[in-house]
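What follows is a short report on a single structure.
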Amino acid sequence: MATLNDYLLVSGLLFAIGLAGVVLRRNVIIVFMCLELMLSAANLTLVAFSRFNVPPNGLPDYNGQMLVFFVITVAAAEVAVGLAIIVALYRARQTIHTDELTSLKG
Amino acid sequence: MPSYLFWLFSTVMLIGGVSVIAFRNPVSSALSVVTCFVGLAGLFIGLSAFFVGVIQILVYTGAVMVLFLFIIMLLDLKDEEKAAKPLLPIAAGIALVAAFTVQLIGILSRTPNVIAPNLDKETLAAAASGFPATSKIATTLTQGKLPDVHLIGHTLFTQYNLPLQILGVLLLVATIGVVILSKRQAD
């Protein structure tokens, strides 16, 4: 049986991978995907805590899974808005590489 | 969940994650994210969070990643050319990630470890007394099955009703915002 620390380690590694992608990659879309990876790593932590911390009635702690539900929904909204911004950015500058996006003024 | 399934799904997830940043082609990266999320959904289902696992597949790999692929193809992105990258930012990034990982392992080695509490038939049947006897949740629990979706619905609509409404407003605002964002650039 996998223990709580195994789940926390795996989720921490996924978060580290996402962080590495955000820092290392220069394509805005891939940076955005790595943000999604980091959000999912947080979700894995929440679900693991929900399973391993059992309230008196013996069922998993569903408050944690509620938070995951809300995180997933907010992430979906965030992706829609973020991708619209990226498309607008591409139309204005013809590039989505972070190195070439150096000024805020359009 | 047996140990080997945990390590199988974790490996799939972590390999998917690493290949997201390793591939140069954005489409390959997007498909690696899909692989990563499928492994993650396996872990969710292994933690008896069936609803979250299915939602992870449906919403993330089904909708969100298709949206990503759609935008990648709309913008017609080419592979990143192998330009000489400045070495200092890369070294700083790797050092940051390594420091995070070392810290994580250090903390985890000192925290008390927990094994998963049992979710066997007796526990589930005993939990049925907390719900009305004729309800679907209670009857399913008495049969020794975990009515995951019913329990999530119960929690969502009793304890989290207001956040759910606010979430609906948020989705509406996001929809309107996206329409306005894509309208404005047409002028």
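Values quoted throughout were computed directly from the atomic coordinates according to the rules given, and no laboratory measurement underlies them. Since this is a predicted model, take the numbers as computed values, not measurements. Using ideal geometry, Cβ is built from the backbone for each residue, glycine included, and neighbour counts are taken over all protein chains shown.
The 3J(HN,Hα) values that the Karplus relation (6.51, -1.76, 1.60; θ = phi - 60°) gives for the range B:37-49 are, in residue order, 6, 5, x, 5, 5, x, 5, 4, 5, x, 8, 6, 9 Hz. Gly and Pro appear as x. Taking the Cα centre of the protein assembly as shown as reference, the dipole from Cβ charges on Lys and Arg (+1) and Asp and Glu (-1) amounts to some 340 debye.
Within 11 Å, Cβ to Cβ, of residue B:137, how many net charges do the neighbouring residues add up to if Lys/Arg are +1 and Asp/Glu are -1?
Working: positive: B:136, B:145; negative: B:148.
The answer is +1.
Expressed in units of 2.2 N^0.38 Å, where N is the residue count, the Cα radius of gyration of the range B:1-79 is 1.18. Here the protein assembly as shown has an Rg and Dmax of 21.2, 68 Å, counting Cα atoms alone. In degrees between 0 and 90, to the nearest 10, how far off the longest principal axis of chain B does helix B:65-75 point, with axes built from Cα atoms? Around 20 degrees separate the two axes. Among A:13, A:37, A:59, the largest mean-square fluctuation in a Gaussian network model of chain A, built with springs joining Cα atoms closer than 10 Å, belongs to A:59. The mean number of partner chain beta-carbon atoms within 10 angstrom of a residue's beta-carbon across peptide B:9-22 is 5. Among the residues of B:56-63, the average count of other protein chain beta-carbon atoms within 10 Å of the residue beta-carbon is 3. Just checking the listed ones, B:171, B:151, B:47: in the Gaussian network model of chain B with Cα springs under 10 Å, the one fluctuating most is B:171.
Give me log10 I(q)/I(0) at q = 0.10, 0.13, 0.17 Å⁻¹ for chain A, Debye formula, one equal scatterer per alpha-carbon, no solvent. Each listed q corresponds, in turn, to -0.40, -0.61, -0.85.
Computed over chain B, the per-residue total of -39500 (n - 2.57) for DSSP H runs of n ≥ 4 gives a 222 nm mean residue ellipticity of -23000 deg cm²/dmol, rounded to 500. Please build a GNM for chain B, connecting alpha carbons under 10 Å apart, and tell me which residue among B:74, B:96, B:167 fluctuates the most. Residue with maximal mean-square fluctuation among B:74, B:96, B:167: B:96.
Placing unit charges on C-beta atoms (Lys and Arg positive, Asp and Glu negative, everything else neutral), compute the dipole magnitude of chain A about its Cα centre in debye, rounded to 20. Before the final figure, lay out each step's value.
On the way: 6 positive and 6 negative charges, 70 e Å.
Computed about the Cα centre, the dipole is about 340 debye.
Against chain A, whose longest principal axis is taken from its Cα atoms, helix A:4-24 shows a tilt of about 0°.
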